Amino acid sequence: QVQLVESGGGLVQPGGPLRLSCTASGTIISIYTMAWYRQAPGKQRELVATIGQSGITNYADSVKGRFTISRDSAKNTVALQMGSLKPEDTAVYYCNADILTLKQLSRRNYWGRGTQVTVSL
């Protein structure tokens, strides 16, 4: 069974930085695209950033230039370095990954449980 566990959320002041991390565990053969999503109260879950196996990244327009996604394939981790945070960045942030495991014949998509990020004075 695969688990994605996020960490690093919390309360931060506007303009401040915060770093989220996510670790995948289980009988993993390979991890393909890794991503961060977020969901604010009353809103749909939205894509924040993705990173492929080759390291190619994509960002939502709302976070370009402020957030950086990175991964450590040896450790099965993905991180999201957030800067210049705004109150509208307040949301639950979810880790997401496409993973091939020993038990599956094809890769499947997995979600973490989320970590709360609150940007406020």
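Do we have any residue at all in the stretch 99-116 that's touching a residue at least 40 places away in the same chain (Cβ under 8 Å), open to solvent by less than 50 Å² (accessible area, probe 1.4 Å), over 26 Å from residue 54 (Cα atoms) and more than 13 Å from the chain's Cα centre (by Cα)? No, the stretch 99-116 has no match at all. In the stretch 21-35, the qualifying residues are those that are out of contact with any Cys (no Cβ under 9 Å at 6 or more places or on another chain) and outside any loop (DSSP other than H, G, I, E, B), and the one that is surrounded by the most Cβ atoms within 10 Å (Cβ to Cβ) is 31. Exactly one residue among 80, 85 is at pLDDT 95 or above, in a loop (DSSP other than H, G, I, E, B) and either crowded, with 16+ Cβ neighbours inside 10 Å or of a type in the set (Asp, Glu) (or both), and that residue is 85.
Selection of the stretch 40-52 for residues being under 12 Å from the mean Cα position of the chain (by Cα) and closer than 13 Å to residue 95 by Cβ yields 47, 48, 49, 50, 51.
Determine whether the stretch 12-20 contains at least one residue that is in contact with a helix residue (DSSP H, G or I) (Cβ under 8 Å, 6 or more places away or on another chain), assigned to a loop (DSSP other than H, G, I, E, B) and farther than 30 Å from residue 102 by Cα. Yes, because at least one residue in the stretch 12-20 is in contact with a helix residue (DSSP H, G or I) (Cβ under 8 Å, 6 or more places away or on another chain), assigned to a loop (DSSP other than H, G, I, E, B) and farther than 30 Å from residue 102 by Cα. Flag set for residue 44, criterion: assigned to a loop (DSSP other than H, G, I, E, B) and at negative phi. For the stretch 36-59, state whether one or more residues are touching a Ser or Thr at 6+ places or on another chain (Cβ under 7 Å), under 24 Å from residue 121 (Cα atoms), in contact (Cβ under 8 Å) with a residue 12 or more places away in the chain and exposed (fewer than 12 other Cβ atoms within 10 Å of the Cβ). Taking every residue of the stretch 36-59 in turn, none turns out to be touching a Ser or Thr at 6+ places or on another chain (Cβ under 7 Å), under 24 Å from residue 121 (Cα atoms), in contact (Cβ under 8 Å) with a residue 12 or more places away in the chain and exposed (fewer than 12 other Cβ atoms within 10 Å of the Cβ). Filtered by the rule that a residue be crowded, with 18+ Cβ neighbours inside 10 Å and part of a loop (DSSP other than H, G, I, E, B), the stretch 60-77 gives 63, 76.
The values are calculated or read from the model by the stated rules, or taken from the named source; none is laboratory data. As the structure is a computational prediction, the values presented were derived from the model and not from experiment. Cβ sites come from the backbone with ideal geometry, for glycine too, and all protein chains shown count toward neighbours. For the accessible areas, the whole protein counts, side chains as well, though only heavy atoms, and no ligand, DNA or RNA atoms are used. Shrake-Rupley method; radii C 1.70, N 1.55, O 1.52, S 1.80 Å.
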